[in-house]
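The values are calculated or read from the model by the stated rules, or taken from the named source; none is laboratory data. Keep in mind that what you see is a predicted model, and the values were worked out from it rather than measured. Here the Cβ positions follow ideal geometry from the backbone for every residue, glycine too, while neighbour counts run over all protein chains shown.
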Amino acid sequence: MKNPVSIILLCGPGCCPACPEVFENASASEAEQIEVKDDFGGLVKMSRSQFSVLVGAAKDGKLDGYAKRLA
């Protein structure tokens, strides 16, 4: 597997000229295998289990209140 591999590109309103993107880097340490690169070049690294917690929280609606305040 080539690294890092794109999981999803997060384009939406106001994402110009680039979009945040989520990558999997299987060759990184277990604590840093998921990478989120923002549209300013910043990078956040987390484990797969941390990413699963984030995705689960989003699915459960735990981020909805914050997202509504941003809209």
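Grab the strands (runs of 3 or more DSSP E) fully contained in the stretch 1-54, keeping just those with 2 or more residues being at pLDDT below 95 and closer than 22 Å to ALA71 by Cβ. Please lay out each step first, then the result.
Numbers: elements: 5-9, 21-24, 34-37, 43-46.
Result: 5-9.
Quickly run through the stretch 2-43 and pick out the residues that are of a type in the set (Val, Ile, Thr) and exposed (fewer than 13 other Cβ atoms within 10 Å of the Cβ).
Filtering the stretch 2-43 down to residues of a type in the set (Val, Ile, Thr) leaves 5, 7-8, 22, 34, 36.
Within the stretch 2-43, VAL5, ILE8 qualify.
Does ALA67 count as assigned to a helix (DSSP H, G or I), at pLDDT below 95, surrounded by fewer than 15 Cβ atoms within 10 Å (Cβ to Cβ) and within 13 Å of the chain's Cα centre (by Cα)?
Working: assigned to a helix (DSSP H, G or I): yes; at pLDDT below 95: yes; surrounded by fewer than 15 Cβ atoms within 10 Å (Cβ to Cβ): yes; within 13 Å of the chain's Cα centre (by Cα): no.
No; evaluated as a whole, the condition is false for this residue.
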